[in-house]
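Accompanying notes for the structure given below.
The values are calculated or read from the model by the stated rules, or taken from the named source; none is laboratory data. All figures in this text were calculated on a predicted structure; none of them were measured in a lab. As a convention, Cβ positions derive from the backbone with ideal geometry for all residues, glycine included, and neighbour counts pool all protein chains shown. In case anyone asks, the SASA skips ligands and DNA or RNA and just uses the protein heavy atoms, side chains included. Shrake-Rupley method; radii C 1.70, N 1.55, O 1.52, S 1.80 Å.
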Amino acid sequence: MSTELPPQYDPKVVEEKWYDLWAKTPLFHARPEPGKKPFSIVIPPPNVTGILHMGHALNNTIQDILIRIRRMQGEEALWMPGTDHAGIATQNVVERKIAKEGFKRHDLGREEFLKRVWQWKEEHGSTIIHQLKRIGATCDWKRERFTMDEGYSKAVVEAFVRLYEKGLIYRGDYIINWCPRCQTALADEEAPHHELDGKLYYIKYPLKKCQVPSVKCQEKHKKSADDSGEYVVVATTRPETMLGDTAVAVNPTDKRYKEFVGRTIVLPLMEREIKIIADPLIDKKFGTGAVKVTPAHDPNDYQMGKSHGLEFINIMHPDGVLNANAGDYAGMDRFEAREAIIEDLKERRLLEKIEEHKHAVGHCYRCHTIVEPYLSKQWFVKMKPLSKPALAAVKKGEIKFTPKRWTKVYLNWMEDIKDWCISRQIWWGHRLPVYYCQNCRKQAEMCQVSSVKCQEKDKKLGTCKVKLETGVIVSRTKPDKCPVCGSTALEQDPDVLDTWFSSWLWPFATFGWPFEEQKPEEKKRELDYFYPTDVLVTAPEIIFFWVARMIMAGFEFMGGKPFSDVYIHGTVRDEEGKKMSKSLGNSIDPLEIIGQYGADALRFSLIAIAASGSDIYLSQERFQQGRNFANKIWNASRFILMNVGDGVTGEGIDTRSLKVQDAWILSALNDAVKKITRSINDFKFNEAVNGAYEFFWHKFCDWYVEIAKHSIEDKNTQEVLLHVLKRSLLLLSPFMPFITDEIFSRLPAIGALPGKPGKRIETIAVCGWPQPEKQFENKSAIATMELVFACVFALRNRRAELNLLPQVPLRVRLSAGEKKIKVADAASGLIKALAGASDLEVTAEQGIVPDALSTLIEKDVHLHLFLEGLVDFEKEKARLDKQAADLARQLSSKQSMLANKEFVKKAPAAVVEKEKSRIVELKAAIERFKEVRSAFR
RNA sequence: GGGCGGUUAGUUCAGUUGGUUAGAACGCUUGAUUUACAUUCAAGAGGUCAGAGGUUCAAGUCCUCUACCGCCCACCA
């Protein structure tokens, strides 16, 4: 057999070999297998622009662990891979690229620009897929999908058309979040609010002279500084929007302004006459209680504009530069205009004051530009009807969140769901399947586009003949002519759909839904078999973007949930708690870690750190632990492979000639198998990986392998070594697939595994998951070994304290009570060997031993170390006194516990008994200390 | 403004349904070496479990409040 393992594990060569093999093997291709239980996960498709970061590494390692263990457990495990076209993000990347050549996208034109994006996608789009392979992801690579695939795009169109036909998609003018840099509308979720240190400007709005002057009126109203007349002070954080003001509003119950309502203000700078209106939306306590109303640039103001029939004046171009409606400020950028306006107001003595003011402002989630609330015509999905089954499913527990606390986050959002703006004014994405008949729309133009006011008015009067849908054709395929008037002058809507409008279909569209392809039956069978998927693994940031919407889409289009479990893992942060991101420059590159320590080390450390669902703080050093562990696995295996003889398979243990240590490690292995399996099922990955680590290193290597060295020639010892090694590798393989596969492939007779008789095994990933083996359950072996450990531990401790080198032989006596004598006997040989005792005598005698250091090992078992005059007695006395005092303290606490009648009455009998026997032990121990101490003269 | 999470050893974190003496990793101190592995082995030091109150026979664990840190959501201009 090949035992040519180098003394240090070198991940580079090994990883290259295996990830290549895994990428090509058909073994990870899952198909409907009648009689086999399906298990499926769809990958959160990374953006095509994506470069693997720690978040991806964690996310995909978790999925890979789940897939690997289920596959090993004999389920038909499918991990569906793919990438997301990431509309805005990708468009931005390509725009930046062509900017270097001196172009803007409009210079190239839509078609040419899209050609460039596709070209970019072909060149760079699979970077992240390669990187996933490098961390060992065993996806079903044959099935890789892309959200702009031809088939997938059909699914997107299908979803749009179905919703439109159900009346769940509509178009209209609303205030949406507008990113002036990306120049597109954004959904609410795409414009997260961040708190900024802003300013609150108090501006005087002069009233037009009282038409009907009254004494009362004049008395009440303040005079401005220059005494030129009455005014109202409004407070705003965005003074530039005043150019579009069409009213000032106060609360109807506000006594301060009672007299003002209905009066006219002359809007400064624009010199436009606007009314003072009363609206309950206004908070009397904020600012001055009077608010400027800009219906085209603020959601609240928009509401008021609607209800009060105000004019909507858009003062801004899509790029944030003020337009002709802004008068003298036209051509200025919005923030530039803010400064200019403030200067002008100051000059006119219309600026009362400026206050520091913290407020939350929406930012574009792609480019972090401050978004502008902007009035425009967009497409929306009505979400309320979709949310109903999605709410019910989670409430009923049909879909479970882990950790549980995210359930509430989901429910809160879902209960308060707002309509979803899905149109984007960019080019990269799925174009809306909406066509406009130029002919039909000609007449509609006037009414629909020219002014909102017209629409509103006509609607009220019921005179508007033009329905919103006039000239709008929504169709799965491009129509030849208008179904109403027959005109061929059709134009497709230039907008594309929100990226998330395609990804919300991911759990079923990846299977070919809605099945218009070549072999629909076969595809459909696959969907029937694998849908609903089992677990969705993701980060909390995208619960709203993606998870919630997938649930809604699942019920809407498939009539059932898309997955049963949602596992939310933590966000990867740096040592200071900041989210790791490229823009912050604080990211640790997983590929660098792979280069430095290996992919297994990366996976191991990430999982070991990641407690269920809490955020993960990373630093470089954490990965050393993983590397060290890999090296330990390597060397333990190397040692075993060097020592097992021909014909040893690991499956030929002679149970009749098991030594106590053999029985112990086999029983401990069973415990490890149970524990690790349970932990993974409970999504406690850190617990699972730490359990595997603890078992392999600190039980198997530190104790069993060390003991086995004493009987390494023994064939049964070799069998046990190999038996445990094999199963350990299997247990470790979901976490550290590369090294385990490499070693496994070098084991002798690996075919002789339970369930795989004689079959050549291509990878450990398709072997069976270890089961507890009942014949190896052995409590008494565990008890005996625990005694061994305690004695060896005590003697090593003594050696260190007494400065006795390992070579110095120790003379030891083990005295055990009647019940323990057998165990002590069984343990004695190992204690002797492991603690370097030259002489060990086991006795039932319980008396004190003169000139010996005695230790209570467990109840009724004492260990005596003969001192032979090597000891500093004063030091020993002090030590004994300290220990005795410790015990005395414990004893008195126990005694007062038992003296408490309530405790004896109410605590379970077992607990009380335990305490009682503990008291007996403590008393005996204290007695013993006294005796030993007195033995020191 | 609402909600959620955190506060345990020098550091980063575990700690199951409340039940003996609160664990690990890293770091630190001391010691080992003709070795499977120095990416090793052995031993040690180090904790009033953020603070206060409460429930209980019993609290790191349950409840209330406070402080600090972090996150998410929200149309107070």
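List pairs: first residue in the range A:255-281 and over 24 Å from A:ILE341 (Cβ atoms), second residue modelled with pLDDT under 85 anywhere in the structure, Cβ distance under 6 angstrom, at least six positions apart or on different chains.
Cβ pairs passing all conditions: A:GLU259/A:CYS217; A:GLU259/A:LYS220; A:ALA278/A:VAL261.
Could you figure out which of (1) farther than 17 Å from A:TYR567 by Cα; (2) among the hydrophobic types (A, V, I, L, M, F, W, C); (3) at pLDDT 90 or above isn't true of A:TRP79?
(1)
Which residue pairs have Cβ atoms under 6 Å apart, sit 6 or more places apart or on different chains, and have a first residue in the range A:686-704 that is within 20 Å of A:LEU722 (Cβ to Cβ) and among the aromatic types (Phe, Trp, Tyr) and a second that is near RNA strand B (Cβ under 9 Å from one of its atoms) and part of a helix (DSSP H, G or I)?
Between residues of the range A:686-704 that are within 20 Å of A:LEU722 (Cβ to Cβ) and among the aromatic types (Phe, Trp, Tyr) and residues that are near RNA strand B (Cβ under 9 Å from one of its atoms) and part of a helix (DSSP H, G or I), the close pairs are A:TRP697/A:LYS632.
Going through A:GLU742, A:GLU706, A:GLU694, A:GLU719 one at a time, which residue ends up being farther than 19 Å from A:GLU15 by Cα, modelled with pLDDT of 90 or more and more than 14 Å from RNA strand B (Cβ to nearest atom)? Walk me through how you get there before you give the answer.
Values: A:GLU742 fails: farther than 19 Å from A:GLU15 by Cα; A:GLU706 fails: more than 14 Å from RNA strand B (Cβ to nearest atom); A:GLU694 fails: more than 14 Å from RNA strand B (Cβ to nearest atom).
Result: A:GLU719 is the single residue among A:GLU742, A:GLU706, A:GLU694, A:GLU719 that is farther than 19 Å from A:GLU15 by Cα, modelled with pLDDT of 90 or more and more than 14 Å from RNA strand B (Cβ to nearest atom).
Going through A:PRO295, A:PRO252 one at a time, which residue ends up being in a loop (DSSP other than H, G, I, E, B) and crowded, with 16+ Cβ neighbours inside 10 Å?
Details: A:PRO252 fails: crowded, with 16+ Cβ neighbours inside 10 Å.
Only one candidate passes the filter, namely A:PRO295.
Taking the criterion of being touching an Asp or Glu at 6+ places or on another chain (Cβ under 7 Å), away from RNA strand B (no atom under 16 Å from the Cβ) and assigned to a loop (DSSP other than H, G, I, E, B), would at least one residue in the range A:4-27 satisfy it? Can you show your working first?
Filtering the range A:4-27 for residues touching an Asp or Glu at 6+ places or on another chain (Cβ under 7 Å) gives A:11, A:14, A:18, A:25, A:27.
Subsequent filtering for residues that are away from RNA strand B (no atom under 16 Å from the Cβ) retains A:18, A:25, A:27.
Now restrict to residues that are assigned to a loop (DSSP other than H, G, I, E, B): A:25.
Yes, the range A:4-27 contains at least one residue that is touching an Asp or Glu at 6+ places or on another chain (Cβ under 7 Å), away from RNA strand B (no atom under 16 Å from the Cβ) and assigned to a loop (DSSP other than H, G, I, E, B).
A:PRO483 - would you say it is open to solvent by 20 Å² or more (accessible area, probe 1.4 Å), farther than 20 Å from A:ALA390 by Cα, touching an Asp or Glu at 6+ places or on another chain (Cβ under 6 Å) and not aliphatic (A, V, I, L, M)?
Judged against the criteria, A:PRO483 is not a match.
For A:GLU356, work out the one condition from (1) in a helix (DSSP H, G or I); (2) open to solvent by 30 Å² or more (accessible area, probe 1.4 Å) it doesn't fulfil.
All conditions pass for A:GLU356, except number (1).
Each row is one residue, and each column tells you yes or no for (1) modelled with pLDDT of 90 or more; (2) touching a Leu at 6+ places or on another chain (Cβ under 7 Å).
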residue	(1), (2)
A:GLU4	no, no
A:SER40	yes, yes
A:THR61	yes, yes
A:ASP64	yes, no
A:THR90	yes, no
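State which residue is farthest from the chain's Cα centre (by Cα) when the search covers only the range A:327-355 and only residues that are among the aliphatic types (A, V, I, L, M) and within 22 Å of A:VAL232 (Cα to Cα). Before the answer, list the steps.
If we filter the range A:327-355 for residues that are among the aliphatic types (A, V, I, L, M), which is where we start, we get A:330, A:332, A:337, A:340-342, A:345, A:350-351, A:354.
Then keep just the ones that are within 22 Å of A:VAL232 (Cα to Cα); that gives A:340-342, A:345, A:350-351, A:354.
Numbers: A:ALA340: 45, A:ILE341: 45, A:ILE342: 45, A:LEU345: 49, A:LEU350: 51, A:LEU351: 48, A:ILE354: 42 Å.
Filtering the range A:327-355 for residues that are among the aliphatic types (A, V, I, L, M) and within 22 Å of A:VAL232 (Cα to Cα), the one farthest from the chain's Cα centre (by Cα) comes out as A:LEU350.
Quick check on my filter: what residues within the range A:661-691 are over 18 Å from A:ILE782 (Cα atoms) and either hydrophobic (A, V, I, L, M, F, W, C) or touching a strand residue (DSSP E or B) at 6+ places or on another chain (Cβ under 7 Å) (or both)? I'd like the intermediate steps shown before the answer.
Residues of the range A:661-691 that are over 18 Å from A:ILE782 (Cα atoms), as a first pass: A:676-690.
Result: A:ILE676, A:ILE680, A:PHE683, A:PHE685, A:ALA688, A:VAL689.
Would the range A:315-333 turn up any residue that is open to solvent by 70 Å² or more (accessible area, probe 1.4 Å), assigned to a helix (DSSP H, G or I) and in contact (Cβ under 8 Å) with a residue 12 or more places away in the chain?
yes
A:ILE282: within 14 Å of RNA strand B (Cβ to nearest atom), among the aliphatic types (A, V, I, L, M) and assigned to a loop (DSSP other than H, G, I, E, B), yes or no? Break it down stepwise before answering.
Values: within 14 Å of RNA strand B (Cβ to nearest atom): yes; among the aliphatic types (A, V, I, L, M): yes; assigned to a loop (DSSP other than H, G, I, E, B): yes.
Yes; evaluated as a whole, the condition is true for this residue.
If you go through the range A:800-853, how many residues are of a type in the set (S, T, N, Q) and either within 22 Å of A:SER780 (Cα to Cα) or assigned to a strand (DSSP E or B) (or both)? If you could, list the steps in order and put the result at the bottom.
First, pick out the residues of the range A:800-853 that are of a type in the set (S, T, N, Q): A:803, A:807, A:815, A:828, A:838, A:843, A:846.
Checking the rest, the ones that are also either within 22 Å of A:SER780 (Cα to Cα) or assigned to a strand (DSSP E or B) (or both) come to A:815, A:828, A:838, A:843.
Counting residues in the range A:800-853 that are of a type in the set (S, T, N, Q) and either within 22 Å of A:SER780 (Cα to Cα) or assigned to a strand (DSSP E or B) (or both) gives 4.
Read through the list (1) at pLDDT below 90; (2) within 30 Å of A:THR83 (Cα to Cα); (3) touching a strand residue (DSSP E or B) at 6+ places or on another chain (Cβ under 6 Å), then give the number of the only condition that A:CYS182 fails.
(3)
Out of A:PHE866, A:PHE873, A:PHE936, report the one residue that is more than 16 Å from RNA strand B (Cβ to nearest atom) and modelled with pLDDT of 80 or more.
Working: A:PHE873 fails: modelled with pLDDT of 80 or more; A:PHE936 fails: modelled with pLDDT of 80 or more.
Every option except A:PHE866 fails the conditions.
Go through (1) at pLDDT 85 or above; (2) in contact with a strand residue (DSSP E or B) (Cβ under 8 Å, 6 or more places away or on another chain); (3) open to solvent by 10 Å² or more (accessible area, probe 1.4 Å) for A:LEU281 and report which single condition fails.
In the conditions (1) at pLDDT 85 or above; (2) in contact with a strand residue (DSSP E or B) (Cβ under 8 Å, 6 or more places away or on another chain); (3) open to solvent by 10 Å² or more (accessible area, probe 1.4 Å), A:LEU281 misses (1) alone.
Among the numbered conditions (1) over 26 Å from A:TYR152 (Cβ atoms); (2) in contact with a strand residue (DSSP E or B) (Cβ under 9 Å, 6 or more places away or on another chain), tell me where A:ASN60 comes up short.
(1)
Kindly indicate the residue of the range A:268-279 that is closer than 13 Å to A:GLY309 by Cα and of a type in the set (D, E, K, R) and also farthest from RNA strand B (Cβ to nearest atom) among those meeting that condition.
Filtering the range A:268-279 for residues that are closer than 13 Å to A:GLY309 by Cα and of a type in the set (D, E, K, R), the one farthest from RNA strand B (Cβ to nearest atom) comes out as A:LYS275.
Which count do you get for residues in the range A:257-278 that are touching a strand residue (DSSP E or B) at 6+ places or on another chain (Cβ under 8 Å) and among the charged types (D, E, K, R)? Full working, then the answer.
To start, the set of residues in the range A:257-278 that are touching a strand residue (DSSP E or B) at 6+ places or on another chain (Cβ under 8 Å) comprises A:257, A:260-268, A:272-278.
Remaining after also requiring among the charged types (D, E, K, R): A:263, A:272-273, A:275.
Residues that pass the stated criteria total 4.
If you take the residues in the range A:398-414 that are within 11 Å of RNA strand B (Cβ to nearest atom) and part of a helix (DSSP H, G or I), which one is least open to solvent (accessible area, probe 1.4 Å)? Lay out the reasoning, then the answer.
Narrowing the range A:398-414 to residues within 11 Å of RNA strand B (Cβ to nearest atom): A:403-413.
Add one more test, that the residue is part of a helix (DSSP H, G or I), and what stays is A:406-413.
Values: A:TRP406: 47, A:THR407: 35, A:LYS408: 137, A:VAL409: 53, A:TYR410: 1, A:LEU411: 29, A:ASN412: 87, A:TRP413: 43 Å².
Residue satisfying both the conditions and the ranking: A:TYR410.
Among the residues of the range A:705-752, which ones are assigned to a loop (DSSP other than H, G, I, E, B) and among the polar types (S, T, N, Q)?
The first filter runs over the range A:705-752 and keeps only residues assigned to a loop (DSSP other than H, G, I, E, B), leaving A:712-714, A:733-736, A:747-752.
A:SER733 - this is the single residue of the range A:705-752 that is assigned to a loop (DSSP other than H, G, I, E, B) and among the polar types (S, T, N, Q).
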